[in-house]
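Below you'll find the structure, written out as structure tokens, and then a few comments.
The values are calculated or read from the model by the stated rules, or taken from the named source; none is laboratory data. Remember, it's a predicted structure, so these values are computed and weren't measured experimentally. Heads up, the Cβs are rebuilt from the backbone with ideal geometry, glycines too, and the neighbour counts pull from every protein chain shown. Surface accessibility is based on the protein's heavy atoms, side chains included, excluding ligands, DNA and RNA. Shrake-Rupley method; radii C 1.70, N 1.55, O 1.52, S 1.80 Å.
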Amino acid sequence: MKNRYETVFIMTPVLSDDQMKETVKKYMDLLEKKEAIIHHQEHWGLRKLAYPIQKKSSGFYQLIEFEAEGDIITDFEIAFKRDERIIRFLTIKLDKHAIAYTEKKRKTKTASAEA
């Protein structure tokens, strides 16, 4: 059975725009190769970190919401750990309430953007 997950990862701020997009594409491709269904992805841009990580005070944030088998999460997170462009990542499994909340939030966001 497939579960729904949400991953947020922070990329180092020294990346160019192209390098950042290439990094995001790498992880999207990795998920698609593992037959994950990507429901949503969002680029949050360059944000200040709450505390320095690897002597950096900011980073590019990216969110990916996807549906996949639980065993691919290990491979996905190992890829993050091996990539020097990623300074932090967090993957959480969404329950039915979290899925409903994120979908409702997206609908209100698109409705306000259209108005």
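Some points to look at:
- Loop GluC sites (Glu not before Pro), the stretch 1-101, which have at most 13 other Cβ atoms in a 10 Å radius of their Cβ (DSSP): E35, E69, E84
- Rolling a 1.4 angstrom probe over the chain with all protein chains present gives an accessible area of which 54% lies on carbon and sulfur atoms.
- Of the trypsin sites (Lys or Arg not before Pro) found in the stretch 30-108, the ones in coil according to DSSP and having at most 10 other Cβ atoms within 10 Å of their Cβ are K55.
- Summed over the residues of the chain and divided among them, the accessible surface reaches 65 Å² per residue at a probe radius of 1.4 Å.
- Taking each DSSP H run with n ≥ 4 as -39500 (n - 2.57) and averaging over every residue of the chain yields -13500 deg cm²/dmol at 222 nm.
- Global dimensions of the chain from alpha-carbon coordinates: Rg and Dmax equal 14.8, 43 Å.
- GNM flexibility winner over the chain from Q19, Q62, Q41 (Cα, springs under 10 Å): Q19
- Neighbour net charge for S57 - beta-carbon separation under 11 angstrom, K R +1, D E -1: +4
- Environment charge of R106, counting only residues whose C-beta is closer than 11 Å and scoring Lys/Arg +1, Asp/Glu -1: +1
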